[in-house]
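The values are calculated or read from the model by the stated rules, or taken from the named source; none is laboratory data. Predicted model only: the values in this text are computed from it and were never measured. Every residue, glycine as well, gets a Cβ built from its backbone with ideal geometry; the counts of neighbours run over all protein chains shown. SASA here: full protein model, heavy atoms, side chains in, ligands and nucleic acids out. Shrake-Rupley method; radii C 1.70, N 1.55, O 1.52, S 1.80 Å.
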Amino acid sequence: MSVYLTLYSPAVDWILMCMFDDCDDVLFDDILKQVNQSANSALLLNGILRSAKPQSIAKKAVIFIVLIRECEDTGFPKRILYNSLGSRLSLADPPESDKLKILNEVWKFITKLKEPSEYVACAETWIEYVMKHFGKKEMNTVLSDIIKHLLPDRAFEEFYPNLLTIMAKILDHVHNYALLFSLEKFMSFVDLFQKDSIKIKAAKIIVEAFCKYQLESVNDPVVISTVMYMCKTLHDSVNALSLDDEKRSVSQLINQFIHKVDYGSNFEQQLNFYVDSRANFTNLDPVMTELVQCVNNLSITTRKVVRGNHSPKTSAFVRACSAYCFITIPSLDNTFIQLNLYLLSAQVSLLNRCLSQAEALFKAGIAALLETPSTMTVDGKAKSSEGFVVQYIQNFLSSLVIVPDNPDQGVLILFKGLLNVIRGYQFDSGETVRVKLYLAVLSSLSAISQEKYLYHVDRVESNDTLYGHDAKFLGEVEKLSVTVVDEILNHLKTLTEGFENLKVQSHVSLLTFEHIVAYADLADEAMFQLAKNLWSLSQKHSYADSKQVTKVMTLLKRKAESNEHASKLMKKING
């Protein structure tokens with residue numbers, strides 16, 4: 001009979017909708033009286049609940065509850081009426097004085113439903129009303145009742161979609177996560193999601209809601225622990241077969257959670273949180289990358305707080321931050337991200353005067369260069385990694401200029417290590433790229449041979465202070481420079497045949513000439529002669545680029561104004 005009567009609902013709803021389109025309170029009350037006195041009042045009452053404006057229903061919610069309670073339950077179940085009422089009350093609020101009365105009356109009926117499917121349908125509708133208008137006590141009571149009805153015979157396994165909807169409605173309306181997660185029955189409700197795929201969906205709903213609605217930073221241990229557990233569930237759901245989009249989505253959620261945790265001035269607790277996060281999220285490169293960035297930022301924040309004046313305690317702390325980065329970076333699969341993080345972390349360590357840690361990170365960055373793949377993926381397309389490597393080495397060299405030598409390791413040990421990498425690296429576009437890097441090394445060696453460097457790290461003594469322009473140190477710089485120049489000249493000797501080779505020979509000769517003019521001591525007869533020979537070689541076959549020649553001659557002319565040897569060289573090449 002109930003199924004038969006529901007067939008009338010669309011027609012009844014449409015008729016009543018037309019009636020209520022322009023209906024005042026007097027007419028509305030008159031309709032309710034007539035419905036109450038008619039046969040099949042439940043069908044008509046349901047039509048009113050579904051068709052009238054939500055505000056009108058909410059205003060007279062108590063009256064509707066009385067009408068529902070008094071109408072006959074034959075043919076049209078009262079639970080459908082209560083569901084219709086609950087749906088309207090989710091759109092409009094009843095008077096404040098009626099809210100608790102409505103809940104008590106409705107839930108008294110719902111809790112007596114024996115059939116799990118009927119109970120879940122009603123609970124799914126009314127949970128929104130409870131979470132929207134009531135506090136901890138009522139929330140806990142309703143969740144406890146849901147668990148009580150669905151736990152016997154594992155009935156909850158049949159209603160996972162409904163339970164997920166209930167979960168979503170709870171999180172849509174309760175944004176006080178300290179309150180929600182401290183509810184005695186909330187985690188018990190979460191435990192109903194025992195099937196792995198459903199547990200993952202529930203965890204995602206919770207984390208997404210937290211990231212969306214938790215606008216302020218959080219340091220509540222209960223909240224952090226709960227969301228961390230949910231993030232761990234999402235992390236563990238990702239495996240080698242997972243799609244890239246899924247990995248990216250999960251990583252973004254976890255990173256948002258990490259950024260919301262802030263212990264303020266308790267930096268040690270903040271670092272402990274990052275250590276726990278690293279242990280929980282080891283399989284996601286974007287998360288591990290973000291953690292390294294966060295720890296570096298924490299290290300810099302510590303430096304700001306002490307204004308660069310580290311105490312023994314803060315000094316130990318920033319060293320611990322450097323150690324965290326040194327341990328974490330090798331776990332990343334992406335070599336290019338590894339390289340960038342090694343350099344960044346080394347720079348942060350240097351800024352905090354953690355010299356041993358900075359040296360270790362620089363060395364790790366140099367070693368990682370040897371493992372760099374020949375291609376990298378950019379916007380989903382594979383391209384040569386050569387451009388990245390060249391730019392990275394140039395950035396690396398600019399940092400090495402101000403890194404002080406370790407007395408136990410020898411002079412310029414990091415420069416020598418990087419030079420060995422440049423010498424052994426296989427460049428796709430040939431030796432010309434290697435020569436350009438050799439020239440970059442020459443520029444850096446010229447910078448470190450200056451009596452006073454152009455830039456320093458605050459409170460860190462670079463080699464200009466350590467060696468004081470000592471002759472032995474300058475001798476080591478000269479030896480290394482000679483080695484680099486020899487490598488360039490050896491390459492030039494191989495470019496003797498063929499149009500392309502001769503063109504490259506001219507280009508490389510001119511570049512090397514430019515660097516000698518800019519950085520070398522032209523008073524040295526051998527260097528003067530080398531510059532002259534390089535110029536002749538660059539012009540020998542008339543392949544030199546005219547714009548580049550003009551640029552080099554402008555440099556030489558400017559230097560000739562204050563340097564007699566540069567002036568002499570200019571006369572030689574013009575003569």
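Quick notes on this structure:
- Residues that are open to solvent by less than 40 Å² (accessible area, probe 1.4 Å), under 23 Å from N334 (Cα atoms) and assigned to a helix (DSSP H, G or I) within the range 389-440 comprise V389, V390, Y392, I393, F396, L397, S399, G417, L418, V421, I422, listed in sequence order.
- Any hit, the range 79-101, residues being more than 19 Å from F189 (Cβ to Cβ), free of Cβ contacts under 8 Å to residues at least 24 places away in the same chain and outside any helix (DSSP H, G or I): no
- In the range 441-469, of all residues being aliphatic (A, V, I, L, M) and open to solvent by 10 Å² or more (accessible area, probe 1.4 Å), the one that is farthest from L400 (Cα to Cα) corresponds to L466.
- When V517, V508, V484 are checked against the criterion of being farther than 19 Å from V433 by Cα, β-branched (V, I, T) and either within 45 Å of the chain's Cα centre (by Cα) or surrounded by 14 or more Cβ atoms within 10 Å (Cβ to Cβ) (or both), V517 stands alone in meeting it.
- Some residue of the range 90-110 being over 24 Å from L180 (Cβ atoms) and either open to solvent by less than 10 Å² (accessible area, probe 1.4 Å) or under 43 Å from the mean Cα position of the chain (by Cα) (or both): yes
- Of the criteria (1) open to solvent by less than 50 Å² (accessible area, probe 1.4 Å); (2) not in a helix (DSSP H, G or I), which one A358 fails: (2)
- Here the condition is being farther than 26 Å from L234 by Cβ, touching a residue at least 40 places away in the same chain (Cβ under 8 Å), in contact with a helix residue (DSSP H, G or I) (Cβ under 9 Å, 6 or more places away or on another chain) and open to solvent by 20 Å² or more (accessible area, probe 1.4 Å); of R303, R278, R319, it holds for R303 alone.
- L400 more than 33 Å from the chain's Cα centre (by Cα), touching a residue at least 12 places away in the same chain (Cβ under 8 Å) and farther than 30 Å from D245 by Cα: no
- Applying the condition of being part of a loop (DSSP other than H, G, I, E, B) and charged (D, E, K, R) to the range 520-530 and asking which residue is most open to solvent (accessible area, probe 1.4 Å) yields D521.
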